[in-house]
Each structure stands twice: as structure tokens, then as C-alpha cells.
Amino acid sequence: ALVPLKRRMKLFERIVTTNRLSIQGSHATNNLRPGIRVEITRGRVMESGLRYVDKLGPLMIRERLAVTYVNEAGATEGGIDVGGLFKDFWVDLTNEAFNPGRALFCTTADNLLYPNPLSTTAHGPDNIIIYEFIGRILGKALYEGLTIQPIFAHFFLSFMKGDYNFLHMLADLSTIDPQLYNNLMFLKTYDGDTADMCLTFTVTVNDFGLSREVPLVNGGSSLEVTNSNRHEYIERVAKFYVYDRVKQQSEAFRKGFWDVIDRAWLKIFSEPELQVLISGVSEGRVDVEDWKSHTKYLGGYTSFDRNVSRFWNVVGTMSSQHHAMLLKFVTSCERPPPLGFSSLNPPFAIQRIGIRKDEDKLPTASTCFNILKLPTYSSERVLRDRLIYVIESGAGFELA
């Protein structure tokens, strides 16, 4: 019988954690190693990350990265990184790397990410180095137990695992280009003479406004599509769009990903399960009881405090959308870790902020350490109003 997903995820977490502690040490056992110093310029996260991370070999990328920030003027900001600065840097790096506006990734009709087939046109031949770097970013997030936002197309998750299934090409094409998929399905079942459509074994691609014809086989421009070869034509078109155009980028990404996450560790997961491992469960309500039982209290709050009870009453009646906003506000990710809040590192925490009047302060968050800084409001209604206001506006970030 198939081992349940939760047990396989726990096995993965144990394997990764054991490997990480053997390399990095830990505070808990008083053997935390100094790690590799990484200097990040504010506002140039991607460029700084590429400069440092690209130099690290497959073994060094698993070391602890001790982050220091340098401001625009070149001065080093204070603060010793005990994990919080790394987490913030890595979440920022992830958001930037997978932002479709950077022209490194495209989205399917369902907003799922896959490599941009035109990345070479957008970024030049160096784009392959960038994909390897981004693969390492994702691998390191998994290795450090960080739950991150991006959700990937099924076929790209297959590339990551290293076992793309060519039987899925048409289904995968339907997610990238539904119109083209429909046209191919029409052709597949067309009961007239296919030759009347004047098709050849070529595709026309548009590179930022410049059209060019690409042959699907040698001499494709002079090979007519007929009733007898149309199935081969359909498969070659699907392969071109789903596989050929993104093969180089995907293989570079996978190389970087496998530098950090051993390929053997991924074999026990299907594509949708790998997505859960990366970004948590995206459907269904958050388990508030699990959240509550793995929350720490700071600054004078305890689980019995009146304000803490009010907070959980508010959370208990929130919509799934507000749960996602609150988690993103405090932890930088709108979903809990795949194994629940017990795996959130650092744990979710609520810190007491004493105020005299309700107008004095809004709730703020230190995403470095997953801390919600909650003022002592006079009533549940005020707490609800202030909390919903800040999570909806995204206001109140503090770097602790």
C-alpha cells in the first residue's frame, strides 16, 4: 500500500534536517557553525544573491548563509543574522526571481509558473546561469524549511523531478495555450482532407514582435500535413511548445535545484505532492487549532491573556482569504508549512505591545522571526478592525 503523503513528508523533513544539522550545526546543541557571510545590497537583492550564491559549490550551498545588509550608501546595517535576515532575504529573492515581470518565467492560463521560452532574447546567453541560480534558490528554500509562494505548472514540476512524461504533452499544452490545444484537437478529429488546411511541419514563433518560422523536422517547411501524418504533426507541435522551447532553461534550473536537494529525496513524491512540499497546501481552510497550539507568546502575553483570547476569536471567524493575508503579513507566505505549524521555523509568535489608547498603534510584524506585534486593544471589535486593516493594506512591516 502507498505510504500516506504526511508520512513521506515527515521522512523528507527528517532526511533534510539531519543533513542540514550535520553541516550547519545548531543553536540548540551549541555547535552552530559561523557559516558563509553574504553581503546584500538593499534594493539589489537578485544581483547581490547571484554574485554570492553563484560562486558556492554544491556542498557550500548547504552551509549556513549569514546575511548582512548594506544600504545604498555602502554602509553595513547593524544586526547579527541568527536566521531571520536570511529568511527575509531568501523570501525577497524568491519573489523577485519568480516574478513574471522579470521575463524569466511565464504563467499558464491558471497562473502557474514555467520558464519563459524567450528568456535568451530577454536576458542574452547568460540566462542559463540565472536559471541554475534560481534552481538553487528554490532548493535552498526547501532545504532550510522555508514555505514560499510560487506555484508551478505540472510539466515544470516533472522537469524538476527529472522524469518528464511525454504522454502528458497534450494535457500540458492545454494549460500553456488553450487556443492552440483546441486547434490541434480540431485537427485530430477533422473528417475532411487535412491537406486542404495548407499546413506544413513548421511553427511560427513571435520573439518580442519578430515572427520567425521554426521547422519541426528537417525540411519541415516543404512537408505537408496530411490525414496520414497529422498525429505526428500534433505531437511534434505539442513537444515543441511544452518541451523543446523550455528544455535548456529547465535543465539549468534542475541542475541548480539538485545541487541542494538530492534527486533521490524527491523520488517519493508526485508532481502535485512536490508542489505541496514547496509551498504548502493551497486549498482548504487553515487549521486554526494547529496554529494556536504551536504559537509562542512574548513580551508579557500568555495563552490565557484576554487580548490573546480575543485574537484567536477573531482568527476563528476570519475567511480563508483573511487567514492567507494574516499569514503573509507575519511570515511572508500565505500558506502554513506542508506539515502544519509545528514545522514553522521560527514558530509563529505574538508579542505584547502596551498602549494607553486604541489610536496609539497598529499591529505590526517582524517577518524575520514570524512575530505579530499586537497592541493591547480595549475590545475584540477594535482588535478585529485594526488587524483586518493592516493585513488588507499590507502596512506595518518592521525589520527586527
Only listed residue being out of contact with any Cys (no Cβ under 7 Å at 6 or more places or on another chain), over 30 Å from ASN19 (Cβ atoms) and either open to solvent by 70 Å² or more (accessible area, probe 1.4 Å) or assigned to a helix (DSSP H, G or I) (or both), chosen from LYS328, LYS361 = LYS361
Starting from residues that are touching a residue at least 24 places away in the same chain (Cβ under 8 Å) and assigned to a loop (DSSP other than H, G, I, E, B), keep the ones in the range 199-215 and report whichever is surrounded by the most Cβ atoms within 10 Å (Cβ to Cβ).
-> PHE201
Index of the failed condition, PHE311 passing every other in (1) hydrophobic (A, V, I, L, M, F, W, C); (2) in contact (Cβ under 8 Å) with a residue 60 or more places away in the chain; (3) buried (at least 21 other Cβ atoms within 10 Å of the Cβ); (4) within 23 Å of ASP88 (Cβ to Cβ) = (4)
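Go through SER250, SER221 for me and flag whichever is in a helix (DSSP H, G or I), touching a residue at least 12 places away in the same chain (Cβ under 8 Å) and more than 19 Å from PHE159 (Cα to Cα). Even if it seems obvious, please write down each step before you answer.
On the way: SER250 fails: more than 19 Å from PHE159 (Cα to Cα).
After applying the criteria, what remains is SER221.
Can you confirm whether SER22 is open to solvent by less than 20 Å² (accessible area, probe 1.4 Å), of a type outside the set (Phe, Trp, Tyr), without any contact (Cβ under 8 Å) to a residue 24 or more places away in the chain and under 21 Å from ASP259 (Cβ atoms)?
Values: open to solvent by less than 20 Å² (accessible area, probe 1.4 Å): no; of a type outside the set (Phe, Trp, Tyr): yes; without any contact (Cβ under 8 Å) to a residue 24 or more places away in the chain: yes; under 21 Å from ASP259 (Cβ atoms): yes.
No.
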Could you tell me which residue of the range 262-313 is nearest to THR18 (Cα to Cα), considering only residues that are assigned to a loop (DSSP other than H, G, I, E, B) and touching a helix residue (DSSP H, G or I) at 6+ places or on another chain (Cβ under 6 Å)?
-> ILE268
From SER293, SER279, which residue is farther than 20 Å from SER379 by Cβ, open to solvent by less than 40 Å² (accessible area, probe 1.4 Å) and within 30 Å of the chain's Cα centre (by Cα)?
-> SER279
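Going through the range 111-128 one residue at a time, which ones are loosely packed, with under 13 Cβ neighbours inside 10 Å and at pLDDT 90 or above?
Restricting attention to the range 111-128, the residues satisfying the condition of being loosely packed, with under 13 Cβ neighbours inside 10 Å are 111, 124-126.
Passing the criteria: only ASN111.
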Please go through the range 209-251 and pick out each residue that is of a type outside the set (Asp, Glu) and within 11 Å of PRO117 (Cα to Cα).
-> PHE240, TYR241, VAL242, TYR243, ARG245, VAL246, LYS247, GLN248, GLN249, SER250
Residue check: is LYS140 among the basic types (Lys, Arg) and under 24 Å from SER222 (Cα atoms)?
-> no
Evaluation of GLU47 against (1) at pLDDT 85 or above; (2) closer than 19 Å to GLU132 by Cα; (3) open to solvent by less than 60 Å² (accessible area, probe 1.4 Å) (one fails), failing number = (3)
Helices (runs of 4 or more DSSP H) lying entirely in the range 148-196 (those with 1 or more residues that are farther than 24 Å from PRO115 by Cβ) | 178-189
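The values are calculated or read from the model by the stated rules, or taken from the named source; none is laboratory data. Just so we're clear, the structure is a prediction, and the values are computed from it rather than from any experiment. We place every Cβ from the backbone using ideal geometry, glycine too, and count neighbours over all the protein chains shown. Only protein heavy atoms, including side chains, enter the accessible area calculation; ligands, DNA and RNA are left aside. Shrake-Rupley method; radii C 1.70, N 1.55, O 1.52, S 1.80 Å.
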